[in-house]
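Notes for the one structure printed next.
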Amino acid sequence: MSNVLTAADIETLAKRYGMSINVLCKNAGVALAAFYKWRSGKVVPSLTTYDKLLTAITEAKEGEASGDRV
């Protein structure tokens, strides 16, 4: 079993906090095309990309907790 989050996992987390993949990628500064290449298995994201996506999700989660909207 792997501890690495998949693109589907990231997508699920984004949706949980009210973000589409378009919004997530925009907030994270990640090209939407890059996300979909990852989703289709054509590329493996760098640790920097993971960090950007997870930071954007964390910020959305924190905004939700404080009552702010993303």
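No lab work stands behind these numbers, since they all come straight from the coordinates. Quick caveat, the model's predicted, so the values are computed rather than measured.
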Using only alpha carbon pairs under 8 Å that are at least six residues apart, calculate the relative contact order of the chain and give it in whole percent. 33
Each residue of the stretch 50-60 in turn: what ³J(HN,Hα) in whole Hz from Karplus with 6.51, -1.76, 1.60 and θ = phi - 60°, glycine and Pro shown as x? 3, 4, 4, 5, 5, 5, 5, 5, 4, 5, 5
Hydrodynamic radius by Kirkwood, which averages 1/r over all alpha carbon pairs of the chain, in angstrom: 12.2
I want to verify a result. In a Gaussian network model of the chain, Cα cutoff 10 Å, which of these has the top mean-square fluctuation: Y36, Y17, Y50? Y36
Relative to the longest principal axis of the chain, what angle (0 to 90°, nearest 10) does the C-alpha long axis of helix 7-16 take? 10
